[in-house]
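Visitor: Below: one structure in structure tokens.
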């Protein structure tokens with residue numbers, strides 16, 4: 001049965017963030033809040049944890065996974081990004097965007113899109129996610145928590161507890177989160193290409 005942390009959305013308890021980061025390092029699968037709803041997350045290098053996430057969501061290896069980062073300092077390690085793209089990201093993060101880049105050799109192959117060799121990058125504007133990332137000191141391998149047969153992300157942590165308490169190791173309750181899909185910008189071929197318009201303003205990338 002999973003642990004269930006009630007975390008203050010404005011001032012996340014450091015003790016709980018330490019415990020959550022330790023669980024990730026130990027191979028745990030967690031549910032945590034972002035600025036676009038709840039997400040499933042695991043350690044970037046943990047193959048078994050990733051397989052558990054795929055089972056929960058009923059997705060295959062062709063799914064587009066995302067690295068959720070604290071800031072842009074980790075960008076060059078995991079992606080190939082030029083100066084113009086970096087300036088655009090710097091001016092628009094943190095926020096509800098997902099950016100697609102070619103992955104670097106530091107990204108495990110199983111996380112890359114098998115055809116395009118791309119990876120998603122997010123810098124969330126959410127205090128709990130930021131506190132967790134600060135404690136972890138590396139990105140979280142993530143995917144939006146959309147259950148099989150559903151088209152929108154889960155937003156009610158108590159409902160998430162009802163359906164997933166035996167399948168994940170930790171659920172972080174950061175309150176009810178509305179459906180706020182990210183705006184998706186693809187930089188993998190060089191220039192910015194808007195793939196989906198969501199909460200983030202697309203105009204800087206047009």
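Visitor: Take the residues of the range 78-91 that are surrounded by 19 or more Cβ atoms within 10 Å (Cβ to Cβ) and under 16 Å from residue 194 (Cβ atoms): which is nearest to the chain's Cα centre (by Cα)?
Guide: 89
Visitor: Yes or no: residue 107 surrounded by 22 or more Cβ atoms within 10 Å (Cβ to Cβ), at pLDDT below 95 and touching a helix residue (DSSP H, G or I) at 6+ places or on another chain (Cβ under 9 Å)?
Guide: yes
Visitor: A further question follows. For the range 9-24, enumerate the residues that are surrounded by fewer than 14 Cβ atoms within 10 Å (Cβ to Cβ) and out of contact with any helix residue (DSSP H, G or I) (no Cβ under 7 Å at 6 or more places or on another chain).
Guide: 11, 14, 15, 22 - these are the residues of the range 9-24 that are surrounded by fewer than 14 Cβ atoms within 10 Å (Cβ to Cβ) and out of contact with any helix residue (DSSP H, G or I) (no Cβ under 7 Å at 6 or more places or on another chain).
Visitor: Just for helices (runs of 4 or more DSSP H) wholly inside the range 1-98: which have at least 1 residues that are within 21 Å of residue 180 (Cα to Cα)?
Guide: Where helices (runs of 4 or more DSSP H) fall fully within the range 1-98 and carry at least 1 residues being within 21 Å of residue 180 (Cα to Cα), they are 47-57, 83-92.
Visitor: Another question, if that's okay. For residue 72, state whether it is over 24 Å from residue 166 (Cβ atoms) and either crowded, with 23+ Cβ neighbours inside 10 Å or free of Cβ contacts under 8 Å to residues at least 60 places away in the same chain (or both).
Guide: yes
The values are calculated or read from the model by the stated rules, or taken from the named source; none is laboratory data. Note that this is a predicted model, so its numbers are computed, not measured. We place every Cβ from the backbone using ideal geometry, glycine too, and count neighbours over all the protein chains shown.
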